[in-house]
Amino acid sequence: MSILAVYITDINGQQLFEYPLSDSPPTNKMLQVALRDASADDIVLRVSSDELLFHRRQDSLDFLIPCSSSMPALVPLEFISHLIKVLHDYFQPPLSRPKIEKNYSTIMMLLNEMIEDGYPFVTEENALRDLVPFTDGLSKYLPTLPKGAASSLKSITSSGLSSKSFSSDSSSMRSNVPWRRSNVKHNNNELYVDIQETLSVIIPAVSPMRQLLNSVNGTSNPVPTASAFYTPAVPQVLAEPIVAIAHGSVFATTKLSGVPDIQLILSFGNRVLEGPAFHPCVRLARWRERPGTLSFVPPDGKCCLLQYTISGVESGPIGGDLKTGLGPMKDEFEVRVWSRVPRNVKFVENLRVEVVFDSERVQNVKGTRASSGEFNIEQKGVGVWRFPGKTPMGWNASLRGTMVVSEDLEAGPDGTVPQEFPKYIKISYDCQGMLVSGTKVESLRVVSGKGLDDRAKPYKGVKYLTHGKDIIIRG
Amino acid sequence: MSDAKFFAKGKAAELRLELMSDKKDKNYTRRKTALKKIVANMTMNNNEMIQLFPDVLDCIKLDSLEIKKMCFLYLINYCRLKPELANKALPALLDDLRDRSPLIRALSLRTISCIPLPAFNEALVDPLGRLLRDPDPYVRKTAAFGVAKLWASDGPLVEKSGLIQGVNQLLVDSNPTVVSAGLAALNDVTDKSEGMKLAIGYQDASKLVQILADCNEWSQTYILSSLMAYTPQDPAEALLMAERLSPRLQHSNASVVLGTIRVILYLTHYISDDTAVQGLVKRFGPPLVTLLSKPHEIQYVALRNCLLILQQYPHILQNDIKVFFCKYNDPIYIKATKLEIIFLLASEDNIKEILRELREYASEIDVQFVRKAVRAIGKLAIKIDAATRYCIDTLLDLVATRVSYIVQEATVVIKNIFRKYPNKYESIISVLCKNLDSLDEPEAKAAMIWIIGEYADRIENSDQLLDEFLFTFKEETIEVQLALLTATVKLFIQRPTKGQELVLQVLKWSTEDTDNPDLRDRGYMYWRLLSSASGNADITRQVVMSDKPTISVESDTLDARTLEELSLNIGSLSSVYLKPVSQIFKGSKVRHLEQSPALRRTDSNLESPVSPGYYPNYAGVNYFATSGGGDLLSD
């Protein structure tokens, strides 16, 4: 049950970094051969009769971790996640070839602490920052620290050989809060809460019958291009989503001196939280007594306190639909998107609509007319309709066009090649200030803070962000 | 300061100068930089750096932790290559084992134990015994791992040293991290050892569960693995343990979650109260769903394990079926596994919803996935009697698209539906017959030929249809040839006048013009049967058109014994492949349930392994026989 080596390569398989953990681990060359021969669904590759390879691509780098065969699959996979998190913490995302090359010795030292006897050991950023000097990035951290703390941090991490700093180092193991860096000091005590929900929705195709009814009622006249902006509501006969799931993450960013004990109370309305997963610092007993209560001594800096899933949520602030067979030749499609009438948010950002089609059958999209935004075919089988910047609420837009069917397609039984239409529409966006599940922070307070000034009012606020990731409308 | 510019070749001499002591180099800035360059070059396998061994060694004594760490990295890398030089480093390292800073003690200990040279091994034995009792926990945990590493390098040395007993002592340490390190070391040693085996009693197991919450996530995964070495002697004991473990299901680390599921599933074998077991297993559902928000690789492992758990406890995610609905942008490996889970979760109650969903998948762009979806619809018709009509309607709807690969896939599954429900749905044959032209894959052809042969008396022009297929007999694959042979014989039996000419032709081809022994044998067999029983057509009919064994999808599910073994390996590669460990890695240790008064008597641990479903090869093709593993819906 051991990790045999850690490799970082570029996406062409060229080795950038190597950290061997056994006498003769499989070489990057061997791993590249295994990767080349692998099929798409080989998440775990067998390199030899008793060696496995786990791998993940991130920021245009490949992380390769060969392991012995008895290794539980999720240990290296989770380890890669942690490693990436730590490297992001040290060197800022996104990682890149120069960043890796610039920091060999730091990465070596990190791995030397993160893996012990071929098994992940310390992966918390806080603990690692105590153990591994932060030469390059240190300057970035200094502004948040008072002068005294900066020099003491430096003495711990870089040159301090005094027994005092070491005993405090390893005492972190003895304390009840292994995830918290020792002797944390901040001049400005601050505490932020961020709650993010990633929304996934699948909306089924509207049956042709309903489309027909809709147009008979006169509600689906094409939106006139010029006056498309700010037409208030879009009356629709809309299909109900089949799936609408919000995956939530509650982050705390704490810059508090000493050992603060915090209580955060969340309300989830009447929603049922499925499978909440907690950071080790959260006291589970308190949550069980009163669901919604997060009681914890946080690690210094940012951490994810809670992850949860809520299904059956609303489909979010942006709606859309797809109609096909329009126009005089019945060969046009129309995609519409609209933002719903304002709740307590003013706009969404980074709105983007992907129009997915079968690239085997469609060679081009012609005659596209967008009432706003810009539409381009950006990759094989995907046209992207972008709305840069902010998109206000109570707004809508439409896109019409015709798919040009490939010439070399065989005609169907009736002697014609059937017209192609988009298969899916995928909408994505960011919406600040609201959570699609209606989750809210009820209260947040520092219950006790050893080493923290009593008068400090650290709670600076909460941010909500709904990230519409996969709003999929089937065609 | 960038390491990137450190890669000039021929630098060793230059770097040596930079490493030289210099009073002006106050905070050792220059030497630090030089060492960084050396480490960077080392990482890129620039073996020129080895020339600097003595110079680097000189730096170890400098009063800087960062420098020490880099020197140690250097030593770990090069000592193995240069044992004679390495021995010179040993005294300095041993010296550091007595440093008053625990961090330095631990660092040097780790460094020595990473260098598996005989001199290093021997020099480490005595200090290790002492460091296992070090006042600082960080040193104690490093010492525990040190023993494991020493064991790997020189087992006999460790065995006669009494160090294992020292590690055993750590299991009652006051610090949870040290306890888990001790356990990890013992685990490591026993894993690699022939003679030693880890066994944990109730008291110890109970204590481990107690400290679990105070350990970091990786220690938790260790402890969870070790708990598999505990054999409950009493059902109540096992239940209590499982109850105490279940809060771990809410950990944010996916390997902790799956590790917990594995231990709880293991414990259920020793719990007699069925309601309690069901209650425990029910708790797996939500955490598994939450894992679906993780990166694809983790999702995949979670889904494969879902598949495994659902075979034993299909109800736990019954109400969550929608979370397994596929997004068009899921990678194919995720989609395929989700599809298998949807299949397992399908029941009379949700079948209409599922069919709508599968119908949707059948119009996706990805052909491979479309095929799997069509196949799943066919299998649902066989799995759920009450839903067969809906499934057939959906399939006919798909056949009407006239997309070649959809029609072929549908033909294959409809043939199986006919076999499962004889004389019920044959009215749809005519629809299939309209699409013969689109069949170009052997499996689909063979299926259609089987249908024509089996229902030769009901299909008006069955002889013509077969004749058309026979036109290319010699170019067909063996599975199609066998199907044609059998179908023609069936035609002859049911409609002797129409089939006479064809059957003679096919028998002649099969016996005289082929190199394939299977085809020839079957040809001769039919020939003999037809000629010797010529006076008694009934006998021939009984043989050729006999009742077929019922088919079911049960043959696809894993047998109880395999399932049991796999469930003991939740989270491992074998749970991903759904194959027993022994089939994946030759000679690996097979886990099994230890006997104890509390062990539940189940079919699997009493009886011999269930033999995999066996179906005689009627049409020459056996679509449903899958070996005891692999994809449930593989094609």
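With a 1.4 Å probe, what is the total accessible area buried between chains B and A, in Å² rounded to the nearest 100?
Rounded to the nearest hundred, the buried surface is 8400 Å².
What is segment A:1-133's relative contact order, in percent, from Cα pairs under 8 angstrom and six or more apart in sequence?
Once divided by the residue count of segment A:1-133, the mean separation gives 26 percent.
To the nearest 0.05, how large is the calculated FRET efficiency for A:ARG369 and A:ARG36 if R₀ is 45 Å and r is the Cβ-Cβ distance?
0.50
Over 25 Å between Cα atoms: which of A:LYS29/B:LYS32; A:LYS390/A:LYS463; B:LYS424/B:LYS579; A:LYS29/B:LYS69; A:LYS255/A:LYS463; A:LYS255/B:LYS26 fall into that group?
Details: A:LYS29/B:LYS32 32 Å; A:LYS390/A:LYS463 18 Å; B:LYS424/B:LYS579 37 Å; A:LYS29/B:LYS69 29 Å; A:LYS255/A:LYS463 16 Å; A:LYS255/B:LYS26 33 Å.
Over 25 Å Cα-Cα: A:LYS29/B:LYS32; B:LYS424/B:LYS579; A:LYS29/B:LYS69; A:LYS255/B:LYS26.
Give me the inter-chain shielding for A:397-407: mean count of other chain Cβ atoms within 10 Å, whole number please.
The mean count of partner-chain Cβ atoms within 10 Å per residue comes to 0.
How large is the helix-only mean residue ellipticity at 222 nm for chain B, computed as the sum of -39500 (n - 2.57) over DSSP H runs with n ≥ 4, divided by its residue count, in deg cm²/dmol to the nearest 500?
-19000 deg cm²/dmol
Between B:ASN45 and A:ASN12, what FRET efficiency comes out of the Förster formula 1/(1 + (r/R0)^6) with R0 = 22 Å and r the beta carbon distance, rounded to 0.05? Each step should come with its number before you reach the end.
On the way: r = 18 Å, r/R0 = 0.84.
Taking R0 as 22 Å, the efficiency between A:ASN12 and B:ASN45 is 0.75.
Can you pull out the GluC sites (Glu not before Pro) in segment B:334-407 that DSSP calls coil and that have at most 14 other Cβ atoms within 10 Å?
B:GLU348
How many Cβ atoms of partner chains, on average, are near each residue of A:106-119 if near means within 10 Å of its Cβ?
6
Leaving ligands, DNA and RNA out of it, rank B:SER293, A:SER105, B:SER532, A:SER267 by accessible area with a 1.4 Å probe, largest first.
Values: B:SER293 50, A:SER105 0, B:SER532 85, A:SER267 30 Å².
Ranked list, largest accessible area first: B:SER532, B:SER293, A:SER267, A:SER105.
With the contact rule set at Cα under 8 Å and sequence spacing of 6 or more, what percent relative contact order holds for segment A:227-385?
In percent, rounded to a whole number, it is 22.
Using the alpha-carbon centroid of each, what span in Å lies between segment A:259-329 and segment B:207-233?
Answer, in whole Å: 28.
May I ask which residue of B:PHE473, B:PRO496, B:ASN435 lies farthest towards the positive end of the charge dipole of segment B:421-564, with charges of +1 (Lys, Arg) and -1 (Asp, Glu) on Cβ and the Cα centre as origin?
Checking the options against the dipole of segment B:421-564, the answer is B:PRO496.
Using per-residue counts of other Cβ atoms within 10 Å, averaged over each peptide, order B:430-441, B:110-121, A:15-26 from highest down.
Per-residue Cβ counts within 10 Å, averaged per peptide and sorted highest first, yield B:110-121, A:15-26, B:430-441.
Of the options A:THR123, B:ALA410, A:VAL365, report the single residue whose Cα projects farthest towards the positive end of the charge dipole of the protein assembly as shown (beta-carbon charges: Lys, Arg +1; Asp, Glu -1).
Result: A:THR123, furthest along the dipole toward the positive end.
Under 17 Å Cα to Cα from B:LYS294, which lysines show up? Leave out anything in the same chain fewer than 8 places away.
Straight-line reach from B:LYS294, under 17 Å: A:LYS85, A:LYS469, B:LYS327, B:LYS335, B:LYS338.
Inside 10 Å of the C-beta atoms of B:166-178, what's the mean count of C-beta atoms belonging to other chains?
Average per residue, whole number: 1.
Averaged per residue, what accessible area in Å² does chain B show with a 1.4 Å probe, protein chains only?
40 Å²
Which pairs in the list A:LYS423/B:LYS420; B:LYS322/B:LYS420; A:LYS302/B:LYS61; B:LYS474/B:LYS498; B:LYS434/B:LYS498 are over 27 Å apart, alpha-carbon to alpha-carbon?
From A:LYS423/B:LYS420; B:LYS322/B:LYS420; A:LYS302/B:LYS61; B:LYS474/B:LYS498; B:LYS434/B:LYS498, over 27 Å: A:LYS423/B:LYS420; B:LYS322/B:LYS420; A:LYS302/B:LYS61.
With a 1.4 Å probe and all protein chains left in place, how much accessible area per residue does segment A:314-357 have, in Å²?
Counting only protein heavy atoms, the per-residue value for segment A:314-357 is 41 Å².
Using a 1.4 Å probe on the protein chains only, how many percent of the accessible area of chain B belongs to carbon and sulfur? Walk me through the numbers before you get to the answer.
Numbers: 12680 of 25330 Å².
Here it works out to 50 percent.
Can you sort A:SER49, B:SER582 by 1.4 Å-probe accessible area, starting with the largest?
Numbers: A:SER49 90, B:SER582 55 Å².
The ordering from most to least exposed comes out as A:SER49, B:SER582.
For labels at B:ASN319 and A:SER49 in the simple 7 Å Cα→Cβ model, what's the distance in nm?
5.0 nm
So if I take the centroid of the Cα atoms in segment A:76-124 and the same for segment B:90-161, what is the distance between those two points in Å?
One Cα centre to the other: 25 Å.
Going by a ≥ b ≥ c, the root eigenvalues of the Cα gyration tensor, does the protein assembly as shown fall in the rounded group (a/c under 1.5), the prolate group (a/b larger than b/c) or the oblate group? Show your work: numbers first, answer last.
Values: a/c = 2.01, a/b = 1.50, b/c = 1.34.
Note, shape of the protein assembly as shown comes out prolate.
Just want to confirm a number: the relative contact order over segment B:1-160, from Cα pairs under 8 angstrom separated by 6+ residues, in percent.
Working: 150 pairs, mean separation 23.6, N = 160.
After rounding, I find 15 percent.
Just report the Cα centroid separation between segment B:248-275 and segment A:1-25, whole Å.
First find each Cα centre; the distance between them is then 33 Å.
At 7 Å along the Cα-to-beta-carbon direction for both A:SER359 and B:ASP518, put a label point, then send me their distance in nm to one decimal.
In this crude label model, A:SER359 to B:ASP518 measures out at 3.9 nm.
Using +1 at the C-beta of Lys and Arg and -1 at the C-beta of Asp and Glu, which of A:ILE107, B:LEU599, B:GLN505 has the Cα lying farthest in the positive direction of the dipole of the protein assembly as shown?
Working it through, the farthest residue towards the positive pole turns out to be A:ILE107.
The values are calculated or read from the model by the stated rules, or taken from the named source; none is laboratory data. No experiment lies behind these values; they were computed from the predicted model shown. Note that we place each Cβ from the backbone using ideal geometry, even for glycine, and neighbour counts take in every protein chain shown. Each accessible area value is taken on the protein alone, full model and side chains, heavy atoms only, with ligands, DNA and RNA left out. Shrake-Rupley method; radii C 1.70, N 1.55, O 1.52, S 1.80 Å.
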